[in-house]
Amino acid sequence: MKHLIKLVTASAAIAFVTTGGASADDWFPYSVEVWDPPFDMASPRSSVDYAPLAKASKPWDLCVSFPHMKDAYWLGVDYGVTEEAKRIGVKVNVVEAGGYTELNKQISQIEDCVSAGADAVIIGAISFDGLNNVVAELAAKNIPVIDVINGMSSDKLSAKSLVSFGEMGAKAGAFLASLHPGGGTAAKVAWFPGPAGAGWVEAGNTGFQGAIEGSALELVDTKYGDTGKEAQAKLVEDTLEAYPDLDYIVGTAVTAEAAVPILRARGLTDQVKVVSYYYTPGVDQGIARGQILAAPTDSTVVQGRIAVDQAVRILEGEDYLKHVGPALYVVTEENHGEFDPSSTLAPDGFRPVFSVQ
């Protein structure tokens, strides 16, 4: 393959320790997994070192659509996309719909973006199935569509830069199950997977619940909700009222961030422990301070960077990997010192970038 990848045998554990920083021009090579056949999360995977193109041959115009910019997770994706666009020399127009209830707005924004002349579209989807018509319309116009982070069910996609959120949920569940194996100390868990209907949420829910089967954990409630901090804080408050003997709150990064001050205010910090199933700066800080037990990271910044590289490779007729995701690993207080934040988190003080010209 031209300008593509080098096969490696490094494990995710080794990648955790040795992967270089994801800033400036030195973020690669980066340890990823490749699904083959692509677009099926059950397909066999191989480990490779991903290396992007050095430069684009022309300043292609990329449209990037996100569900929202309410939390630092999507800021990390925005940072990865816009920094890679600058590095490789392409234009980017970023739009965000404002939340997981705004599917029609996301579709309208994508259509407007394409009407304005986008050569390719990168989509962080609000809905697993709800964007299939617009993807098919773009494919009919020979406009490449890259599925980043959240997942879509369309068979008209050009590429995916994402991980299995089923495995993200499973890793969080397995971490807890290791503390409460079958026959061990019983514990009650409340689970907050995110907004109902989003592909990543349904996958995460399946993964988490599957991972705790057979353990001594009792799942007392599952609460879906938008990933705004106010919405998640209310869900946490309601759950604590309903289950005064709760042992664990597990869920989105926003859930975990919201839970920490609520538990402190209620004097429950020692009783109720917190786990997130993805990674943000607030989760990072919580783990460093011992307020959050653990969280898997999916190298969010790198996923954004790879999506840009995939789009440019397709536009330039280069070989490309159709289904790529960084190797997953769980960050805890014990291994936090080994974690490279530049793979996952935007720099301190980073503000959303909506245009790269």
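Once the C-beta distance of residue 265 and residue 185 is scaled by a Förster radius of 25 Å, the resulting FRET efficiency is 0.40 to the nearest 0.05.
Legend: residues 289, 351, 45, sorted from most to least accessible area (1.4 Å probe; ligands, DNA and RNA excluded), read 351, 289, 45. Figure note: 41, 69 ranked by solvent-accessible area, largest first, 1.4 Å probe, ligands and nucleic acids not counted: 41, 69. Extension gain, residue 333 to residue 319, is 1.0 nm, computed as 0.36 nm per intervening residue step minus the present C-alpha separation.
Distance between the pseudo-spin-label points of residue 45 and residue 141 (7 Å out from Cα toward the beta carbon): 3.4 nm. Where a ≥ b ≥ c are the square roots of the eigenvalues of the C-alpha gyration tensor, would you call the range 64-104 rounded, which needs a/c under 1.5, or, failing that, prolate if a/b is larger than b/c, or oblate? Oblate, since a/c reaches 1.5 and b/c is not below a/b. The angle separating the long axis of helix 300-315 from the principal Cα axis of greatest extent in the chain is about 20 degrees. When nucleic acids and ligands are ignored and a 1.4 Å probe is applied, residue 155 ends up with an accessible area of around 120 Å².
Per-atom-type breakdown for the chain gives carbon and sulfur 50% of the accessible area (1.4 Å probe, protein chains only). Our coupling estimate for the range 256-272, obtained by passing each phi through the Karplus curve with A = 6.51, B = -1.76, C = 1.60 and θ = phi - 60°, is 4, 5, 5, 5, 4, x, 5, 5, 4, 5, 8, x, 10, 4, 7, 8, 9 Hz, Gly and Pro reported as x.
For the pairs 171/229; 91/171; 86/273; 91/234; 156/273, note any where the Cα-Cα span goes beyond 32 Å. From the list (171/229; 91/171; 86/273; 91/234; 156/273), the Cα-Cα distance tops 32 Å for 91/171; 86/273; 91/234; 156/273. Contact order for the chain, expressed relative to its length and based on alpha carbon pairs under 8 Å spaced 6+ residues apart, stands at 23 percent.
Output needed for the range 242-325: three equivalent-ellipsoid semi-axes, defined as square roots of 5 times the C-alpha gyration tensor eigenvalues, in descending order, whole Å. Intermediate values should be presented prior to the final figure.
On the way: eigenvalues 298, 24, 15 Å².
Values for the range 242-325, descending: 39, 11, 9 Å.
Taking a ≥ b ≥ c as the square roots of the eigenvalues of the Cα gyration tensor, the chain is classed as prolate, since a/c reaches at least 1.5 and a/b is larger than b/c.
The residue 153 and residue 238 beta-carbon pair, evaluated with R₀ = 25 Å, returns a calculated FRET efficiency of approximately 0.20.
For the chain, the longest principal axis of the Cα atoms and the long axis of helix 103-115 meet at an angle of about 20 degrees. Each of residue 218 and residue 58 was given a label point 7 Å from its Cα along the Cα-to-Cβ line. The distance between the two points is 6.5 nm. Per-residue Karplus couplings for the range 61-66, computed as 6.51 cos²θ - 1.76 cosθ + 1.60 with θ equal to phi - 60°, are listed in order as 9, 10, 9, 10, 10, 10 Hz, Gly and Pro entered as x. With all protein chains kept in place, the per residue accessible area of the chain amounts to 39 square angstrom at a probe of 1.4 angstrom. Seen through its C-alpha gyration tensor, with square-root eigenvalues sorted a ≥ b ≥ c, the range 22-133 comes out oblate because a/c lies at 1.5 or above while a/b is not bigger than b/c.
The values are calculated or read from the model by the stated rules, or taken from the named source; none is laboratory data. In this text, all values refer to a predicted model and were calculated from it rather than measured experimentally. Here Cβ is always computed from backbone atoms with ideal geometry, including for glycine, and neighbour counts include all displayed protein chains. Note: areas computed on protein heavy atoms with side chains; ligands, DNA, RNA excluded. Shrake-Rupley method; radii C 1.70, N 1.55, O 1.52, S 1.80 Å.
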